[in-house]
Amino acid sequence: MKQEVRPVPLSSPYLDEREEELVLEVLRSGRLSLGPTIDRFEEALAERVGAPYAAAVSSGTAGLHLLCVAAGIGPGDEVITSPYSFAASANCFVYEGGVPVFADVDRRTLNMDPDAVRAAVTPQTKAIVAVDIYGYPCELDELRAIADEHGLALIQDSCEALGARYRGEPLGSHGPSAVFAFYPNKQLTTGEGGVVVTHSEEEWRLLRSLRNQGRGDEGGWLEHVRLGFNYRMSDVTAALGLGQVEKLDEILALRAEAATRYGELLGGIDGVELPLADDEEHVRSWFVYVVALPDNAARERVIATFEREGIGFNRYLPSIHLQPYMRERYGFREGLCPVSEDLSSRTLALPFFTGLERDAQERVADVLRSAL
Ligand SMILES: Cc1ncc(COP(=O)(O)O)c(C=O)c1O
């Protein structure tokens, strides 16, 4: 009889009775939005990342968009960001008429190369959106120096990097405003959601107004002092987040253990490049486990085998500038960011989540080895 193989999903959230309890508390309280649970979640998250202020929002994209509004990005302003990221890293300013300028990435870190960022600055540049891709901290100090030198806003897209540390301190604590995201594949999930952390009380007040339809601190429900959005997070969602913050240390540790196990299992396979190891200045928070294969053909061979074997995967990440809408809108073509394009053609996300167990990882490694 053929033995049944257990599928291995790409990702899976890590929840238990604590989240159920907290969500139930909110449901029973009747305070489903703009209630006290939002404040509790924001305080817990701010403390966790070492920032004085946090504003919870409906998604990471919403948080990035609000920071672009707060930075005053408008039509024709150029904004430098990474091509090797999720589309929202660029969409957040395109919504305001900002023009994307992609600075190619460093082959080792997969984050923007500061030299490429410096070379991309023009008199029209208004801001830099720095991404910590796959939870690996970007070169924040170098990017900040470029931003300061040219009077640019610096926005940290740390959507994938909650819990990562740069030069000994958690991302979110360094000064530039940062966004973390909570989609179910993230380290911490609220289903949908995000948070903006800031070191400016003034910006925090502005973010709270912008996410709440432009209402002011004073004034009534139907008074709007500025053009705002409905980017609020509900208290039900925040309750889920509170439960997750309580177990964040455990989550990060389990993910780091799973990553170490992959390192051991995959290390000896010819043609598999592993994710960059931490160093003194960069401590990754494990979001996904992405390997690089020799070329696109090898990747497709692995994918075909994974599909047959019920193993989850994704072609993380396509280069943003080559997405159909970007080509159409701005005329971007192949060759603009060669390093990013090369990575996009051969990087692959393997199943990775908090509760991932060794036997599943062994199976992934065995299948990967046989496919190559
Ligand atoms: C780098 C990056 N930026 C932004 C986002 C957007 O977050 P959300 O999906 O919560 O809008 C994501 C989420 O996948 C991301 O990975």
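Cβ separations smaller than 9 Å between residues 6+ apart or across chains give the following pairs from region 141-168 residues that are closer than 29 Å to ASN185 by Cβ to residues that are part of a helix (DSSP H, G or I) and of a type in the set (Ser, Thr, Tyr): ASP157/SER89; CYS159/THR61; CYS159/SER89; GLU160/TYR134; ALA161/TYR134. Being within 14 Å of ASP132 (Cβ to Cβ), of a type outside the set (D, E, K, R) and more than 16 Å from the ligand (Cβ to nearest atom) is a property that LEU266 lacks. The lone criterion from (1) under 27 Å from LEU240 (Cβ atoms); (2) touching a residue at least 12 places away in the same chain (Cβ under 8 Å) left unmet by LEU24 is number (2).
Take the residues in region 180-190 that are under 19 Å from ASP235 (Cα atoms) and touching a residue at least 60 places away in the same chain (Cβ under 8 Å); name whichever of them is farthest from the ligand (Cβ to nearest atom). Can you show your working first?
First, pick out the residues of region 180-190 that are under 19 Å from ASP235 (Cα atoms): 180-184, 188-190.
If we keep only those that are touching a residue at least 60 places away in the same chain (Cβ under 8 Å) as well, we get 180-184, 188-189.
Numbers: PHE180: 9, ALA181: 4, PHE182: 6, TYR183: 5, PRO184: 10, LEU188: 12, THR189: 10 Å.
Ranking the candidates gives LEU188 first.
Residues of region 211-255 that are of a type in the set (A, V, I, L, M, F, W, C), under 30 Å from PHE287 (Cβ atoms) and without any contact (Cβ under 8 Å) to a residue 24 or more places away in the chain: ALA253 alone.
If you check GLY193 against the conditions, is it modelled with pLDDT of 95 or more, small (Gly, Ala, Ser) and either within 8 Å of the ligand (Cβ to nearest atom) or within 15 Å of ALA46 (Cα to Cα) (or both)? Talk me through it step by step, then tell me what you get.
Numbers: modelled with pLDDT of 95 or more: yes; small (Gly, Ala, Ser): yes; either within 8 Å of the ligand (Cβ to nearest atom) or within 15 Å of ALA46 (Cα to Cα) (or both): yes.
Here the answer is yes, as GLY193 does meet what is asked.
The strands (runs of 3 or more DSSP E) found wholly in region 6-110 include none carrying at least 2 residues that are at pLDDT 95 or above, within 16 Å of the ligand (Cβ to nearest atom) and open to solvent by 10 Å² or more (accessible area, probe 1.4 Å). Residues that are closer than 23 Å to GLU280 by Cβ and open to solvent by 10 Å² or more (accessible area, probe 1.4 Å) were ranked within region 111-130; the one that is farthest from the ligand (Cβ to nearest atom) is ASP115. From the list VAL339, VAL302, the one residue that fits, being open to solvent by less than 10 Å² (accessible area, probe 1.4 Å) and not small (Gly, Ala, Ser), is VAL302. In the set THR81, THR61, THR37, only one residue is hydroxyl-bearing (Ser, Thr, Tyr) and within 17 Å of GLY243 (Cα to Cα); that residue is THR37.
Within region 344-359, is even one residue of a type in the set (Val, Ile, Thr), in contact with a strand residue (DSSP E or B) (Cβ under 7 Å, 6 or more places away or on another chain) and farther than 30 Å from ALA116 by Cα?
So in region 344-359, the residues of a type in the set (Val, Ile, Thr) come out as 347, 354.
Add one more test, that the residue is in contact with a strand residue (DSSP E or B) (Cβ under 7 Å, 6 or more places away or on another chain), and what stays is 347.
Next cut, farther than 30 Å from ALA116 by Cα only: none.
No: region 344-359 contains no residue that is of a type in the set (Val, Ile, Thr), in contact with a strand residue (DSSP E or B) (Cβ under 7 Å, 6 or more places away or on another chain) and farther than 30 Å from ALA116 by Cα.
The residues listed here are LEU210, LEU171; of these, the one that is modelled with pLDDT of 95 or more and within 14 Å of the ligand (Cβ to nearest atom) is LEU171. Exactly one residue among ARG327, ARG315 is within 30 Å of GLU257 (Cβ to Cβ) and basic (Lys, Arg), and that residue is ARG315.
Filtered by the rule that a residue be touching a Pro at 6+ places or on another chain (Cβ under 7 Å), within 16 Å of the ligand (Cβ to nearest atom) and farther than 20 Å from VAL57 by Cα, region 140-165 gives LEU143, ALA164.
Got a number for residues in region 305-336 being open to solvent by 50 Å² or more (accessible area, probe 1.4 Å) and assigned to a helix (DSSP H, G or I)? Looking only at that region, the number is 9. Suppose the filter is open to solvent by 40 Å² or more (accessible area, probe 1.4 Å) and within 16 Å of the ligand (Cβ to nearest atom); does ASN296 pass it? No. Tallying residues that are over 16 Å from CYS68 (Cα atoms) and assigned to a helix (DSSP H, G or I) within region 132-151 yields 13.
Among the listed residues ARG165, ARG205, identify the single one that is over 18 Å from the mean Cα position of the chain (by Cα) and either under 30 Å from GLU362 (Cα atoms) or modelled with pLDDT of 95 or more (or both). Explain how you work it out, then say what you get.
Numbers: ARG165 fails: over 18 Å from the mean Cα position of the chain (by Cα).
Answer to the check: ARG205.
Checked against (1) touching a strand residue (DSSP E or B) at 6+ places or on another chain (Cβ under 9 Å); (2) on the phi > 0 side of the Ramachandran plot, GLY335 passes all but a single condition, namely (1).
The values are calculated or read from the model by the stated rules, or taken from the named source; none is laboratory data. Since the structure is predicted, the reported quantities are computational estimates derived from the model, not experimental observations. Neighbour counts are summed over all protein chains in view; Cβ atoms, including those assigned to glycine, are modelled from backbone coordinates with ideal geometry. Ligands, DNA and RNA are stripped out before the accessible areas are found, and what is left, the full protein with its side chains, is counted by its heavy atoms. Shrake-Rupley method; radii C 1.70, N 1.55, O 1.52, S 1.80 Å.
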